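The values are calculated or read from the model by the stated rules, or taken from the named source; none is laboratory data. Small disclaimer: the values here were computed from a predicted structure and weren't measured. Cβ: placed from backbone, ideal geometry, glycine included. Neighbour counts: every protein chain shown. The protein model used for the area step is the full one, side chains on, heavy atoms only, and it has no ligands, DNA or RNA in it. Shrake-Rupley method; radii C 1.70, N 1.55, O 1.52, S 1.80 Å.
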Amino acid sequence: LEWIAYHRLIGFDNIVIFANDCEDGGDTLLESLDAAGIVKYYDNSAVTEDLPRDPQNRAYRRAFAMDHVRESDWILVIDADEFFNIHAGEGTLDDLFAATGPADIISGTWCVFGNSGIIDGTGDLVTETFLRCAPKDVQVSFRHFGLKSLFRPRPVHRLGIHRPFLKSDYKRAEAPLIWLNGSGQNVTEVYRTKGWSASLDTKGYDLCQINHYMIKSNALFLMKRYRGTANSKDQDRVNIDYYANFNSNHTEDKSLHRWSSRIRTKISQIMQAHPDVAAAHDHCVAFFRTKITTLVADLKATDPEVTATLLSQEAVDTQIATDQAWLAKAYLKAAKVRAKLALRPTEPVLMPISPPDAPPDHRGGARMAFRSAPFTPSQRLLPCG
């Protein structure tokens with residue numbers, strides 16, 4: 001409900017959600033939201049020979065075959081743990097479009113959030129609870145700078161996880177296309193044919209970014225690990241290495257906190273107006289809490305090493321201190337390189353910076369959003385899956 005409330009508040013007016021194989025009552029919640037006219041919900045459980053087997057790309061294929069999706073003026077493909085965070089103006093889509101001017105695609109760069117030192121949290125606003133994240137000016141890994149793209153459907157052949165794939169006519173260098181990064185800089189020729197992540201040269205956070213809450217609390221990470229991946233043949237991809245690589249607590253970003261009171265109000269309005277939505281939501285929360293209790297007990301009984309990593313406050317606090325120390329060292333190293341090359345403070349330092357004891361790199365979630373014409377208030381559609 002937080003995800004839905006927030007994206008409605010910033011200007012999306014149609015949310016499409018695909019879900020598959022629900023066991024937590026999420027399908028009942030989505031059916032209630034659909035009946036209330038708040039979202040459009042489609043069950044994505046069925047696998048057919050003409051569609052991808054993985055749920056995420058299967059949802060994208062189904063979505064882009066729908067008229068009400070293809071006829072949207074703008075489309076954003078995001079996951080339920082991603083929030084489209086707009087810095088321009090008051091933080092709405094109209095503010096973003098006014099700041100960028102004409103564009104066909106706007107790609108926000110991930111800001112990956114860690115657990116913020118929280119082990120047990122399950123209930124409060126994600127956007128308010130988790131404030132520690134990876135740095136934006138130092139590249140922890142190329143997977144930390146993944147993109148999510150807001151785009152007009154006209155030049156698009158098919159939906160992708162991070163970016164749209166263009167029709168052949170628009171892949172040519174001479175084809176008229178404006179692709180901007182999250183700072184409004186033109187990156188058309190960088191991404192016209194390929195690419196899903198940014199570099200220090202192409203990242204952009206000034207006008208918009210994607211807050212990616214990949215871990216949340218460690219208790220919720222256990223639930224994520226239990227649920228598994230939606231877009232990989234490796235069903236064990238969400239493991240302790242994934243946690244180590246993406247539990248990024250180097251610095252803080254509270255920029256979405258300005259929406260907290262409005263998000264709470266919107267959620268309250270939805271639940272008061274639709275008691276069946278409220279009941280289904282409470283059922284889902286209760287299921288999560290019960291299941292997490294079971295997962296914690298199972299982990300303690302079977303894996304003391306991972307238990308110590310995930311459930312010890314001392315280990316969690318130590319990891320935050322390690323991230324902070326790594327960032328200080330990275331800044332110092334970058335400053336020395338900058339001084340040696342006589343670079344201006346705003347120029348990027350293009351060099352690999354990684355801790356010597358870093359684990360193997362696994363750093364690298366289907367929801368979609370659609371919104372209408374940038375300069376006039378019309379239909380705004382946000383599908384997700």
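Odds and ends about this structure:
- Listed by first and then second residue, the pairs with beta-carbon distance under 8 Å, at least 6 apart or on different chains, first residue in the stretch 197-208 and under 15 Å from residue 85 (Cβ atoms), second polar (S, T, N, Q) and open to solvent by less than 20 Å² (accessible area, probe 1.4 Å), are 203/109; 203/181; 204/107; 204/109; 204/181; 205/109; 208/85.
- Pairs, first at pLDDT below 95 in the stretch 215-234, second surrounded by fewer than 18 Cβ atoms within 10 Å (Cβ to Cβ) and of a type in the set (Lys, Arg), C-beta under 6 Å, six or more apart: 229/237
- Residue tally, condition out of contact with any helix residue (DSSP H, G or I) (no Cβ under 7 Å at 6 or more places or on another chain) and open to solvent by less than 70 Å² (accessible area, probe 1.4 Å), over the stretch 48-74: 14
- The listed residues are 327, 332, 311, and the only one of them that is in contact with a His (Cβ under 7 Å, 6 or more places away or on another chain) and aliphatic (A, V, I, L, M) turns out to be 327.
- Hits in the stretch 1-59 (condition: touching a Phe, Trp or Tyr at 6+ places or on another chain (Cβ under 9 Å), over 29 Å from residue 86 (Cα atoms) and in a loop (DSSP other than H, G, I, E, B)): 23, 24, 25, 44, 52
- Lone unmet requirement of (1) hydrophobic (A, V, I, L, M, F, W, C); (2) in contact with a strand residue (DSSP E or B) (Cβ under 7 Å, 6 or more places away or on another chain); (3) assigned to a loop (DSSP other than H, G, I, E, B) for residue 177: (2)
- Candidates are the residues of the stretch 177-224 that are under 30 Å from residue 310 (Cβ atoms) and of a type in the set (S, T, N, Q); the one that is most open to solvent (accessible area, probe 1.4 Å) is 197.
- When the strands (runs of 3 or more DSSP E) confined to the stretch 80-164 are screened for residues that are at pLDDT 95 or above and open to solvent by less than 30 Å² (accessible area, probe 1.4 Å), those reaching at least 3 such residues are found at 82-86, 105-113, 147-151.
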